[in-house]
Amino acid sequence: MTKFIIITGGVVSSIGKGITSASIGRILRSHGLKVGAIKIDPYLNWDSGTLNPYQHGEVFVTYDGMETDLDLGHYERFLDVELPGISNITTGKVYKSVIEKERKGDFLGACVQIIPHITDEIKEMIRKTAKIEDFDVVLVELGGTVGDIESQPFLEALRQLRNEEGHDNVLFVHVTHIPYLKAAGEFKTKPTQHSTKELRSTGVNPDMIVCRSEKPIDNNMKKKIAHFCDVPLDAIINTPDASSIYEVPILMDKERVGEYINNRLKLNLDTDPSKLDAWGKIVKSLKKQDPLVKIGIIGKYIELEDAYISIKEALLHGGGENEVKVDVVFVNSDVDSLNKEVLSDLDGILIPGGFGERGIEGKLEAVDYAIENNVPIFGICLGMHSMVIQFARRVGLIGANSSEFSDDLEYPVIDMMEEQKRVKNIGGSMRLGSYDCKLVDETMAKSIYNQDLIKERHRHRYEFNNDFKEQLVESGLILSGFSPDDFLVEIVELKDHPWFLGCQFHPEFNSRPNNAHPLFVSFIKASYEHSKNK
Ligand code: GLN
């Protein structure tokens, strides 16, 4: 029987509910449990695919092609699993499904209401996800902060879930913030008391309170919170800011989170603390301070680092594997000209994915710089497009570009995929999810992966235009990966360059702290070599 751990948030947003959930999951997984995870996003969008990265950060793509919240990325990295797209529930999905049922006549005669129809639908979605893999435990993180209007139906559904599944099978964790008032010289528990009260007003009593704080809080603080919030003292967990997100499971384990959950949910686990040793090794390798390798991400959403979160994490994983510290520098591509001093300081350049013309010329300039100066360069999706466009311009196709940016091109070296031309709705209609890719013998890609066939996740509408294949290959571009039918170019490389690789897919989604993605490992290695020779 699956047990559910439900995570809500209070006081402020962005306190790390996702990392808290993923860390609880990591602890339970280290003790041998099969752990799944669900993220509830109470917004009305059906998925996050059409949301601006400034609103929402990165769109995380699941293997089965769902565009989801970036917290799913944290879950996949911490739990080392691949989650199905239905692990991201939104208000949009819930209402769409209920309204479709109503139109079909499923509720004939009934007045369709939030309770029971919407709440039933929410519970059904949660249970369906839990059944997919017969998980021992499923984490359910409710986005937003208690008190948000949008969260109400979800909290009600989760309250019902506890009654239906039974007290021993559902546990509520409330994540709050304990602010430190400099002027008073003390931590304040009042916001936590208020948000717990707010949560209680929905009929949900938290079993555990995770107190986020800048610095550790003392036992008296914990006693006060336990007393005022009516939660046992051993269920008041403090997670002060950590230097790395991967340290959080270790911090939480020291607070005996595993032991408390084990008793409360009657899991019968052997809670030997050494179970997290392997994870500790990863943390140690990621915390190495030298040698330093500087990688520049050339993007246009740099004001919000979350827009590139999986790439940043994958770079760190690659650093851990090479036993170097990766310093990620965000370079704005939306400028007239990139700062050459900043560029010359980089040991490696990464051009991430993206949409629209803004910032593209900066990306092309970075490609040019990397070719001229033999700097390792890694292009992902729009990054690969930038590599192909700039390479084409350099070998004489003046004005080469992607049809994404203009309809009137002499050299559309990147063009819209045939099946995309028939697409009418923008949402969820790109080439999405995992696809096979064949690797070509005697290429860098083949030697890095050391496999004939790989599987990687995609999210794009445009691709390499085969009309220019011959000409570009003759000029020195290497095509090293293809779709199984040989039609779509998936990877490009460059002759006589130390490390130049662009891929149509997003390898960052498959990188794990304990299993860094081979492309990132190889890219960091090449960048480290470059740093030594500079
Ligand atoms: N905008 C490009 C396309 O749709 C690239 C997408 C991406 O970088 N994820 O093909």
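What to note about this one:
- Tally of residues being among the hydrophobic types (A, V, I, L, M, F, W, C) and open to solvent by less than 20 Å² (accessible area, probe 1.4 Å) across region 386-431: 10
- Residues located in region 472-486, provided they are free of Cβ contacts under 8 Å to residues at least 60 places away in the same chain, away from the ligand (no atom under 16 Å from the Cβ), surrounded by fewer than 19 Cβ atoms within 10 Å (Cβ to Cβ) and not aliphatic (A, V, I, L, M): 474, 482, 484, 485, 486
- Of all the criteria given as (1) open to solvent by less than 40 Å² (accessible area, probe 1.4 Å); (2) among the basic types (Lys, Arg); (3) more than 30 Å from residue 78 (Cα to Cα), the one not satisfied by residue 300 is (3).
- Of all the residues in region 505-520, those that are in a helix (DSSP H, G or I), within 16 Å of the ligand (Cβ to nearest atom) and in contact (Cβ under 8 Å) with a residue 60 or more places away in the chain number 4.
- Residue within region 48-67 that is crowded, with 22+ Cβ neighbours inside 10 Å, part of a helix (DSSP H, G or I), among the acidic types (Asp, Glu) and touching a Lys or Arg at 6+ places or on another chain (Cβ under 9 Å) present: no
- If the condition is being open to solvent by 20 Å² or more (accessible area, probe 1.4 Å) and within 13 Å of the ligand (Cβ to nearest atom), then region 432-452 contributes only 432.
- Out of 327, 334, 277, 306, sole residue that is touching a strand residue (DSSP E or B) at 6+ places or on another chain (Cβ under 8 Å), open to solvent by 40 Å² or more (accessible area, probe 1.4 Å) and of a type in the set (Asp, Glu): 327
- Here residue 226 clears all of (1) open to solvent by less than 30 Å² (accessible area, probe 1.4 Å); (2) out of contact with any helix residue (DSSP H, G or I) (no Cβ under 6 Å at 6 or more places or on another chain) except the condition numbered (2).
- Odd one out for residue 455 among (1) in contact with a strand residue (DSSP E or B) (Cβ under 6 Å, 6 or more places away or on another chain); (2) under 16 Å from residue 432 (Cα atoms); (3) surrounded by 16 or more Cβ atoms within 10 Å (Cβ to Cβ): (3)
- Among the conditions (1) in contact with a helix residue (DSSP H, G or I) (Cβ under 7 Å, 6 or more places away or on another chain); (2) open to solvent by 30 Å² or more (accessible area, probe 1.4 Å); (3) part of a helix (DSSP H, G or I), residue 315 misses just one, which is (2).
- Of all the criteria given as (1) out of contact with any strand residue (DSSP E or B) (no Cβ under 7 Å at 6 or more places or on another chain); (2) open to solvent by less than 10 Å² (accessible area, probe 1.4 Å), the one not satisfied by residue 272 is (2).
- Within region 367-385, the set of residues being within 26 Å of residue 529 (Cβ to Cβ), open to solvent by less than 60 Å² (accessible area, probe 1.4 Å) and either modelled with pLDDT under 90 or not aliphatic (A, V, I, L, M) (or both) comprises 368, 369, 376, 378, 379, 381, 383.
- The one condition in (1) open to solvent by 60 Å² or more (accessible area, probe 1.4 Å); (2) assigned to a strand (DSSP E or B); (3) touching a Gly at 6+ places or on another chain (Cβ under 8 Å) that residue 501 fails to fulfil: (1)
- For residue 191, the conditions (1) closer than 22 Å to residue 237 by Cα; (2) in contact with a strand residue (DSSP E or B) (Cβ under 7 Å, 6 or more places away or on another chain); (3) open to solvent by less than 20 Å² (accessible area, probe 1.4 Å) are fulfilled apart from (3).
- Checking each residue in region 265-287 for being of a type in the set (D, E, K, R) and in contact with an Asp or Glu (Cβ under 6 Å, 6 or more places away or on another chain) picks out only 266.
- Close Cβ contacts (under 6 Å, 6 or more residues apart or on different chains) running from residues in region 348-366 that are within 25 Å of residue 50 (Cβ to Cβ) and open to solvent by 10 Å² or more (accessible area, probe 1.4 Å) to residues that are within 11 Å of the ligand (Cβ to nearest atom) and assigned to a loop (DSSP other than H, G, I, E, B) comprise 353/381; 357/405.
- In this entry, residue 509 is excluded by the filter for residues that are among the aromatic types (Phe, Trp, Tyr), under 17 Å from residue 384 (Cβ atoms) and surrounded by fewer than 24 Cβ atoms within 10 Å (Cβ to Cβ).
- Residue match in region 347-360 (condition: more than 16 Å from the ligand (Cβ to nearest atom), farther than 15 Å from residue 378 by Cα and assigned to a loop (DSSP other than H, G, I, E, B)): no
- Where residue 75 falls short, out of the listed (1) open to solvent by less than 20 Å² (accessible area, probe 1.4 Å); (2) of a type outside the set (A, V, I, L, M, F, W, C); (3) at pLDDT 95 or above; (4) farther than 24 Å from residue 213 by Cα: (4)
- Matching residues, region 9-38, being in contact with an Asp or Glu (Cβ under 7 Å, 6 or more places away or on another chain), open to solvent by 10 Å² or more (accessible area, probe 1.4 Å) and either farther than 29 Å from residue 272 by Cα or of a type in the set (Ser, Thr, Tyr) (or both): none
- Cβ pairs under 8 Å, 6+ apart, first in region 103-116 and under 21 Å from residue 160 (Cα atoms) and in a helix (DSSP H, G or I), second at pLDDT 95 or above and open to solvent by less than 80 Å² (accessible area, probe 1.4 Å): 114/153; 114/156; 115/153; 115/156
The values are calculated or read from the model by the stated rules, or taken from the named source; none is laboratory data. What you are looking at is a predicted structure, and each value in this text was computed from that prediction instead of being measured. Positions of Cβ are generated from backbone atoms using ideal geometry, with glycine treated the same way; all protein chains shown enter the neighbour counts. The accessibility values were calculated without ligands, DNA or RNA, using every heavy atom of the protein model including side chains. Shrake-Rupley method; radii C 1.70, N 1.55, O 1.52, S 1.80 Å.
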